[in-house]
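Data block below; observations after.
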């Protein structure tokens with residue numbers, strides 16, 4: 001199965017997600033009336049609250065025109081994750097690379113790829129055989145296993161927060177406040193900016209505590225949306241049953257015969 005290098009690793013997924021909100025790491029500008037928070041203040045509070053979160057539900061959608069690294073990076077991600085490395089959710093890969101359900105608790109990982117994923121990762125007609133053998137089954141193992149570690153790294157909220165906290169060296173990019181609107185029923189203030197031909201909008205809750213609800217980035221073949229919900233809510237703790245799981249060793253045996 002493919003996955004060497006950075007293609008299928010969690011760090012690549014994290015960077016894809018963080019790339020939609022680069023302005024949070026910049027020095028933000030613009031003034032506002034004294035009786036309401038400025039764009040700088042809203043963005044700073046949103047960033048601080050995201051960095052302080054113990055857990056979050058993150059959704060990523062990439063509608064860009066360029067194929068996503070030959071199917072090795074997600075075009076969508078729906079993942080609840082926390083600072084302890086627990087997570088539960090789904091990744092959908094680009095270029096018809098299929099879907100993977102993932103559950104991680106502590107040092108244990110379960111991942112359930114669909115048939116399209118197996119066919120994109122296992123060469124030739126053997127992909128169909130592997131897809132049938134492991135149909136509707138989770139591959140189970142430890143985070144120490146090289147085959148599972150890359151996907152498990154996706155669950156690292158600490159790394160996600162570290163990437164957001166890292167200052168951007170490209171300089172200050174001002175943001176301007178838009179009119180109050182709603183995102184999924186929540187009142188938000190849009191913060192609009194532009195950098196390197198991309199238009200970025202951060203949607204921050206109107207009410208305190210000011211939290212980032214959604215971020216979009218468009219332009220130059222880029223069309224990304226990232227949303228954040230369920231701040232500090234526990235990640236679902238249910239794990240797949242042994243009857244629904246196959247040890248990763250079985251997968252390795254099958255792949256050695258390919």
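The values are calculated or read from the model by the stated rules, or taken from the named source; none is laboratory data. It should be emphasised that the depicted structure is a prediction, and the values quoted were computed from it without experimental measurement. Reconstructed Cβ throughout: ideal geometry from the backbone, glycine too, with neighbour counts over all protein chains shown.
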Condition check for residue 78: surrounded by 16 or more Cβ atoms within 10 Å (Cβ to Cβ), within 17 Å of residue 236 (Cα to Cα) and at pLDDT 90 or above: yes
Residue within region 86-100 that is on the phi < 0 side of the Ramachandran plot, in contact with a helix residue (DSSP H, G or I) (Cβ under 6 Å, 6 or more places away or on another chain) and in a helix (DSSP H, G or I) present: no
Whichever residue in region 115-140 is more than 14 Å from residue 245 (Cα to Cα) and part of a loop (DSSP other than H, G, I, E, B) and, among such residues, is nearest to the chain's Cα centre (by Cα): 122
Residue identified as surrounded by fewer than 21 Cβ atoms within 10 Å (Cβ to Cβ) and touching a residue at least 12 places away in the same chain (Cβ under 8 Å) among 104, 112, 99: 99
Qualifying strands (runs of 3 or more DSSP E) (wholly inside region 145-258; at least 2 residues being within 17 Å of the chain's Cα centre (by Cα) and either without any contact (Cβ under 8 Å) to a residue 24 or more places away in the chain or buried (at least 17 other Cβ atoms within 10 Å of the Cβ) (or both)): 212-219, 222-229
